[in-house]
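Enquirer: Structure below; questions to follow.
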Amino acid sequence: MMKLSWVWIVIAIAFLQLVTGFLDFNETELSLIEAYDYGVSKLNYNPLMVGLTLIASASAKGAVCLDGTLPGYHWHRGYGSGANNWLIHLEGGGWCNNVRTCVYRKKTRRGSSTYMEKQIPFTGILSDKADQNPDFFNWNRVKVRYCDGASFTGDTENKAAKLQFRGQRIWLAATEDLMSRGMRNAKQALLSGCSAGGLASILHCDEFRNMFPRTSKVKCLSDAGLFLDAVDVSGGRTLRSLYNGVVGLQGVQHNLPRICTIHRDPTSCFFPQNLISNIRTPLFILNAAYDSWQIQSSIAPPSADPHGYWHECRLNHAKCSASQMRFLQGFRIEMLNVIKGFSQSRENGLFINSCFAHCQTERQDTWFAANSPEIRNKAIAIAVGDWYFDRAGVKVIDCPYPCDKSCHNLVFK
């Protein structure tokens, strides 16, 4: 009997390590990716540092972070020809799908403004330098901080755990505050976002468009937000399971596009592949065909790979076997199939490069630099600018790996 008890204890500990390992792995890799996002690289671009503004009016609206603190944003005022143009960039940072992970999150900058950096560097699409951000450098540029864990869409609470799931209210409080600070006069506006923020820019795209008069030029950009409802290496659906928890826990279903929810279950309507063809506002999708986050946390997470066969490949694509690379090529084909209908619209834009990357607008070296990633000799910043200003139609899809030598592939230790 004693031996049997010990067996169950060992099994329980192993299971706990597997579950917490998935969380820790996500947090660790996300932090590494964000280190790149914030412009921390070998090249010193001497970025502009922009202070955090807490939204004082948010509390009265119940628009608070997971722990009840005020939400916030970083804003650098536009000038000259960009004085009445606005770029709103939604921060990314994963999701929390159960009480345990959300309680953990509320003690970090992704769940509380108490832990947010008081200043952050504005690089890439947020840069104030014309030679680093040719089309948006003098616009009003805003980075809205992410502290709800459901891509700015939840609206409920868990009183027992002292958790506020108020992403939708944060979104509305931030945009209302910015409207009062001059955004209502915008002649041109672009809603962008990276990762979970890239998903949010899709979810809120038409809502954003409707905040402005028809005479304003309004478009949306999703960077690394095309999260696929894909099968993982064990044959399961890790990301669907995660999203199911997020949607159910945080009351997301009430804020999803009705054109989707009348036909599909709420979790399916949190996946962009079921949304993008019905968005009326011009949308640009920028995504790496071999998205680093999706490889690590959706396709081949430790929970789907208990024996660690994918461990080396997950961290460094150069260590993938031939069969593993075939699996990843299948993921790329799935992504291309998902965007077929979307790409038929003349107003939409597309840049799918065959890189192992995640979030390419925030990093200066991937957005616009001497050796930036390119497709057909066009850097990401130029492609987005050409599309936004209608200088050219942009729907470019890279040849499959390993043909693109311009990639800045992410490799993790």
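Enquirer: In a GNM of the chain with a 10 Å cut-off on Cα contacts, which of A370, A173, A224 has the highest mean-square fluctuation?
Expert: A370
Enquirer: If you consider only alpha-carbon coordinates, what radius of gyration and Dmax does the chain have, in Å?
Expert: 20.7, 79
Enquirer: Still on this structure, please answer the following. Do any trypsin sites (Lys or Arg not before Pro) in region 98-144 lie in a loop, going by DSSP, with at most 15 other beta-carbon atoms within 10 Å of their beta carbon, and if so which?
Expert: K107, K118
Enquirer: Let me ask something else about it. In the chain, what percentage of the DSSP-assigned beta bridges are antiparallel, given to the nearest 5?
Expert: Antiparallel bridges make up about 35 percent of those DSSP assigns within the chain.
Enquirer: Over 28 Å between C-alpha atoms is what I'm after, so list which of K106/K219; K106/K143; K61/K159; K118/K217; K187/K395 land there.
Expert: Too far apart for the 28 Å limit: K106/K219; K118/K217.
Enquirer: Once amide H atoms are placed 1.01 Å from N in the peptide plane, what residues at a sequence separation of 5 or more from V50, or on another chain, have their amide H within under 5 Å of its amide H?
Expert: Correct list: I120, F122.
Enquirer: Further question on the same structure: Once amide H atoms are placed 1.01 Å from N in the peptide plane, what residues at a sequence separation of 5 or more from K395, or on another chain, have their amide H within under 5 Å of its amide H?
Expert: L350
Enquirer: Let me ask something else. Just from its helices, what would the mean residue ellipticity at 222 nm be for the chain, if runs of 4 or more DSSP H residues each count -39500 (n - 2.57) and the sum is divided by every residue, rounded to the nearest 500 deg cm²/dmol?
Expert: One gets -9000 deg cm²/dmol as the mean residue ellipticity at 222 nm.
Enquirer: Taking R0 as 22 Å, what's the FRET efficiency between L52 and S180 from their Cβ-Cβ distance, rounded to 0.05?
Expert: Numbers: r = 18 Å, r/R0 = 0.83.
The calculated FRET efficiency here is 0.75.
Enquirer: In whole Hz and in residue order, list the ³J(HN,Hα) couplings for region 298-310 that follow from phi through the Karplus curve 6.51 cos²θ - 1.76 cosθ + 1.60, θ = phi - 60°; x for Gly and Pro.
Expert: Each residue of region 298-310 in turn: 10, 7, 9, x, x, 5, 9, 9, x, 8, x, 4, 9 Hz.
Enquirer: For a Förster distance of 30 Å, can you work out the FRET efficiency between the beta-carbons of R77 and T261, rounded to the nearest 0.05?
Expert: Efficiency at R0 = 30 Å is approximately 0.20.
Enquirer: Additional query: Using a 10 Å Cβ count of at most 14 others and DSSP loop calls, identify the longest part of the chain lacking such chymotrypsin sites (Phe, Trp or Tyr not before Pro).
Expert: Details: sites that count: Y79, Y309, F389, F412.
For chymotrypsin sites (Phe, Trp or Tyr not before Pro) (loop position, at most 14 other Cβ atoms within 10 Å), the longest site-free span of the chain is 80-308.
Enquirer: Additional query: Running a GNM on the chain with Cα contacts under 10 Å, which residue among L66, L172, L350 ends up with the highest mean-square fluctuation?
Expert: L172
Every number here is computed from the coordinates shown, using simple stated rules; none is lab data. All values derive from a computational prediction rather than experimental measurement. When we count neighbours, we look across all protein chains shown, and the Cβ atoms used for this are built from the backbone with ideal geometry, even at glycine.
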